[in-house]
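Encoded as structure tokens, the structure appears first; notes follow it.
The values are calculated or read from the model by the stated rules, or taken from the named source; none is laboratory data. Just so it is clear, the structure is predicted and the values come from calculations on it, not from any experiment. Cβ: placed from backbone, ideal geometry, glycine included. Neighbour counts: every protein chain shown. Please note that ligands, DNA and RNA were not included when accessible areas were found on the heavy atoms of the full protein model with its side chains. Shrake-Rupley method; radii C 1.70, N 1.55, O 1.52, S 1.80 Å.
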Amino acid sequence: MPLPFECRDGVLYVEDVALPAIAAAVGTPAYVYSSAALRNAARAFRAGLAPIRRKHLAFAVKANPNLAVLKLLAAEGYGADIVSAGEMLHALAAGMPASSIIFSGVGKSRRELSTALDAGIGQFNLELEEEGVVLAAMAAARGQRAPAVLRVNPDIDAGTHAKISTGRKQNKFGVAIDDALGIYARLSKLEGLALRGIAIHIGSQLSDLGPLEIAYARVGRLVSDLRAAGHTITHVDLGGGLGLSYRPGDVMPSPAAYGAMVWRVTRDWNVALMFEPGRFIAGDAGVLLTEVLWVKPGAVDPYVIVDAAMNDLARPALYDAFHDFVAVRPTGARMTANIAGPVCESGDTFAMGRDIDAVSAGDLAVFRTAGAYGATMASTYNCRALVPEVLVDGDRFAVVADRIAPEAMLAAQHIPAWITDEDRTSEPVLARKAA
Ligand SMILES: *Cc1c(COP(=O)(O)O)cnc(C)c1O
């Protein structure tokens, strides 16, 4: 089977579609996803968990909330892990059953809790005691019992970037694992809650299974303690976090290694396990297609200025993340260059002093491994268009998210009546000079 992203006759393809055809039809920058790569990753993750009999897989929607992507994952039997009512809307619109949706997130508003109760979602992951109290009251008033688990913070350093670590005690997520027994006991008495277990999620882009294993083992001890205290524990949500190889040659834990570790730690738990993979499913399935605008001399290395920017792909600016940059028509020649976008910030730099395919103005190139935390983090900074998304399936492709042009953003803005032209105290400087 051909690889989803592969050069044929000197041109980079996504499945059976040459990227220049997409650039010609859709323009650049644009995200391009491979259906086959999405399905492969979804199946590989599930296959890795084969030793675990009772499980529910919920795709972390924040990694890629595109409706077509969610629909494809729904067909693979994935539910959704959501962190907002907006993500719930997307998951439901993609045909994911409400019962397959898990609501995570440290700041669910009362309105969001209410919307999710009305929709009948499958599980609420409580982040603090008061949230449980409020949810229980809202559910009881409707004659419902909200299915819920308590998210614990195991105080583990996941060994990943600080901004995507979530399981250290100074992080905002979950309740301290040492307080969990007491909080669980109080929440379990509330009639509006069907409290059924524990959740955990210690961070993203985890390259080492060690911290996860320690965290899971701590959860296992908590489950025993909870049962000893008389609670019925039927569900444990192990979160997401499995890392991806962004740099060529990086070795990351496989789903099979992850599954074997999970089975080893949890085989005596006698619960249904839940998993919330995001990055692992979508990351490798997407590239950000871009055109080289200019190659300009730099103090040390030349700058390759591309038409994609930090507003389209924020990870390098946010986390110093590495995205491999490859030419769509590589000649075999190499250059050492900095790669930067048009946004007026020095932070809008994708790479410094990197050895890349030689490119010149007008060439197409891609940033790889951009299918997760790519388009979903895009903004309109610098009044740039919201980047479009394209899905490839075999020799077909379709725009699955439009480019939102500055005209549309302008149309959503309003000038209050009290700002009138009469308020102008002097002629605009440029106009006066021109006169
Ligand atoms: C972000 C997040 C995930 C997904 O993490 P990945 O690293 O993308 O797998 C899962 N669960 C929760 C609660 C999250 O916040």
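Entry remark, region 289-306: residues being more than 25 Å from residue 374 (Cβ to Cβ) and open to solvent by 70 Å² or more (accessible area, probe 1.4 Å) number 4 in total. Checked against the criterion of being in contact (Cβ under 8 Å) with a residue 60 or more places away in the chain, small (Gly, Ala, Ser) and either touching a strand residue (DSSP E or B) at 6+ places or on another chain (Cβ under 6 Å) or open to solvent by less than 10 Å² (accessible area, probe 1.4 Å) (or both), the candidates 314, 375 yield just one match: 375. For region 190-239, a residue qualifies if it is within 16 Å of the ligand (Cβ to nearest atom), surrounded by fewer than 24 Cβ atoms within 10 Å (Cβ to Cβ) and among the small types (Gly, Ala, Ser), and exactly one does: 207.
Against the list (1) at positive phi; (2) in contact (Cβ under 8 Å) with a residue 12 or more places away in the chain, the condition residue 16 fails is (1).
Take the conditions (1) within 15 Å of the ligand (Cβ to nearest atom); (2) within 27 Å of residue 13 (Cα to Cα); residue 81 misses just one of them, which is (2).
Of the residues making up region 256-278, at least one is assigned by TED's automatic domain parsing to the domain that holds residue 158, among the charged types (D, E, K, R) and near the ligand (Cβ under 9 Å from one of its atoms). Here is the figure for region 97-119: residues that are open to solvent by 40 Å² or more (accessible area, probe 1.4 Å) and of a type in the set (Ser, Thr, Tyr) total 3. Taken over region 269-304, the criterion of being of a type in the set (Val, Ile, Thr) and under 22 Å from residue 328 (Cβ atoms) is satisfied by 287, 290, 292, 295, 304. Scanning region 244-270 for residues that are of a type in the set (Val, Ile, Thr) and surrounded by 17 or more Cβ atoms within 10 Å (Cβ to Cβ), we see that the one that is farthest from residue 336 (Cα to Cα) is 266.
Tell me, yes or no, whether region 156-173 has at least one residue that is β-branched (Val, Ile, Thr), within 16 Å of the ligand (Cβ to nearest atom) and either in contact with a helix residue (DSSP H, G or I) (Cβ under 6 Å, 6 or more places away or on another chain) or open to solvent by 60 Å² or more (accessible area, probe 1.4 Å) (or both). Within region 156-173 (the criterion being β-branched (Val, Ile, Thr), within 16 Å of the ligand (Cβ to nearest atom) and either in contact with a helix residue (DSSP H, G or I) (Cβ under 6 Å, 6 or more places away or on another chain) or open to solvent by 60 Å² or more (accessible area, probe 1.4 Å) (or both)), the answer is yes, since at least one residue qualifies. Looking at region 326-387, none of the strands (runs of 3 or more DSSP E) lying wholly inside it contains 3 or more residues that are among the acidic types (Asp, Glu) and under 21 Å from the mean Cα position of the chain (by Cα).
Just one residue in the set 363, 324, 355 is free of Cβ contacts under 8 Å to residues at least 40 places away in the same chain and charged (D, E, K, R); that residue is 355. The set of residues in region 96-153 that are assigned to a strand (DSSP E or B) and in contact with a Leu (Cβ under 9 Å, 6 or more places away or on another chain) comprises 101, 103, 124, 125, 126, 146, 147, 148, 149, 150, 151, 152. Among the residues of region 53-65, which ones are open to solvent by 10 Å² or more (accessible area, probe 1.4 Å), assigned to a loop (DSSP other than H, G, I, E, B) and either touching a residue at least 24 places away in the same chain (Cβ under 8 Å) or closer than 20 Å to residue 387 by Cβ (or both)? Correct list: 54, 65.
Just give me the residues in region 352-391 being more than 20 Å from residue 38 (Cα to Cα) and acidic (Asp, Glu), in sequence order. The answer is 355, 357, 363.
Within region 104-123, the set of residues being of a type in the set (A, V, I, L, M, F, W, C) and within 12 Å of the ligand (Cβ to nearest atom) comprises just one member, 106.
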